[in-house]
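S.K.: Sharing a structure here in structure tokens format.
The values are calculated or read from the model by the stated rules, or taken from the named source; none is laboratory data. Please read these numbers as outputs of a predicted model, since none were measured by experiment. All Cβ positions, glycine included, derive from the backbone under ideal geometry; neighbour counts span all protein chains shown. All accessible areas refer to the heavy atoms of the entire protein, side chains included, with ligands and DNA or RNA removed. Shrake-Rupley method; radii C 1.70, N 1.55, O 1.52, S 1.80 Å.
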Amino acid sequence: MSDSIPQFDKFRGTENFVLWYTSITGYLKAKKLHNYIVADALNYAESNTPENNNKGKKDITARDALAGSIIFNNVADSIKFYIKDCESAFLKMKKLKDLYEAKNIYNTIPVINEIMELFRILNKSSMSPSKLEMLTIMFEALPKELQEKVNYSSSSTVDSFYKEIKDKQTTIAYRKSRGDTNYSRFNNSSRSNNSNNKQEKDDKMDIDNL
């Protein structure tokens, strides 16, 4: 097996997760390393390999390290921060899937809570991301139907954006659980009214300035 690490189009976030994941898993399958992202082989080996089978454990450790390196070297630098402390290839891929794989409205809050915990950890280090980067990571982790409802703005704070996400998610999830298929229409109608009110206000201001 070659020691060189292949280079794919680097993983940048939600927008290219599917294509990146397909490329990486295809390569890992070709190199017979796919099992290392399906199960935590490293942890299993440490817990279940007999002490007299050091060679078997070393082989698993080496192959897991190779799979992990392939993943780590094919993500953008800003994303490496979130997986650098994951000990196995399985945990690296699991973290990426938890953070960036397409989400649905019902599992949004656990994902956002995990992101907030990562922010707290990074804020204690010298690798704290900027506020705008944190807001962007949070926004990209949301399902599309929630992205359309929240106010993604550089003027928001991380905490205020978190509260808004929780509020909108609770409302949408509740209405969907009741079988209300018109929740988007009502919300969009409200937005339209707000836009119309703003336009009327702007028009009046223009008249006053004549």
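S.K.: Of all residues in region 90-112, how many are assigned to a helix (DSSP H, G or I) and either closer than 19 Å to A76 by Cα or acidic (D, E) (or both)?
M.R.: Here the count works out to 11.
S.K.: Tally the residues that are open to solvent by less than 50 Å² (accessible area, probe 1.4 Å) and more than 18 Å from the chain's Cα centre (by Cα), restricting the search to region 165-183.
M.R.: 4
S.K.: Could you check, for region 49-72, whether at least one of its residues is closer than 30 Å to Q147 by Cβ, of a type outside the set (G, A, S), surrounded by 16 or more Cβ atoms within 10 Å (Cβ to Cβ) and without any contact (Cβ under 8 Å) to a residue 60 or more places away in the chain?
M.R.: Yes, region 49-72 contains at least one residue that is closer than 30 Å to Q147 by Cβ, of a type outside the set (G, A, S), surrounded by 16 or more Cβ atoms within 10 Å (Cβ to Cβ) and without any contact (Cβ under 8 Å) to a residue 60 or more places away in the chain.
S.K.: Could you grab me the full set of residues in region 113-152 that are without any contact (Cβ under 8 Å) to a residue 40 or more places away in the chain, part of a loop (DSSP other than H, G, I, E, B) and not aliphatic (A, V, I, L, M)?
M.R.: K124, S125, S126, S128, S130, E148, K149, N151, Y152
S.K.: Just to be sure, is K29 open to solvent by 50 Å² or more (accessible area, probe 1.4 Å), modelled with pLDDT of 85 or more and not acidic (D, E)? Even if it seems obvious, please write down each step before you answer.
M.R.: Numbers: open to solvent by 50 Å² or more (accessible area, probe 1.4 Å): yes; modelled with pLDDT of 85 or more: yes; not acidic (D, E): yes.
The answer is yes for K29.
S.K.: Hey, can you tell me all the residues within region 75-89 that are closer than 18 Å to V38 by Cα, open to solvent by less than 50 Å² (accessible area, probe 1.4 Å) and not in a helix (DSSP H, G or I)?
M.R.: C86, S88
S.K.: Restricted to region 92-125, and to residues that are within 24 Å of A30 (Cβ to Cβ) and open to solvent by 60 Å² or more (accessible area, probe 1.4 Å), which residue is modelled with the highest pLDDT?
M.R.: Filtering region 92-125 for residues that are within 24 Å of A30 (Cβ to Cβ) and open to solvent by 60 Å² or more (accessible area, probe 1.4 Å), the one modelled with the highest pLDDT comes out as K94.
S.K.: Is it the case that some residue within region 144-151 is modelled with pLDDT under 90, within 19 Å of K166 (Cα to Cα) and either open to solvent by less than 20 Å² (accessible area, probe 1.4 Å) or out of contact with any Ser or Thr (no Cβ under 6 Å at 6 or more places or on another chain) (or both)?
M.R.: Taking every residue of region 144-151 in turn, at least one turns out to be modelled with pLDDT under 90, within 19 Å of K166 (Cα to Cα) and either open to solvent by less than 20 Å² (accessible area, probe 1.4 Å) or out of contact with any Ser or Thr (no Cβ under 6 Å at 6 or more places or on another chain) (or both).
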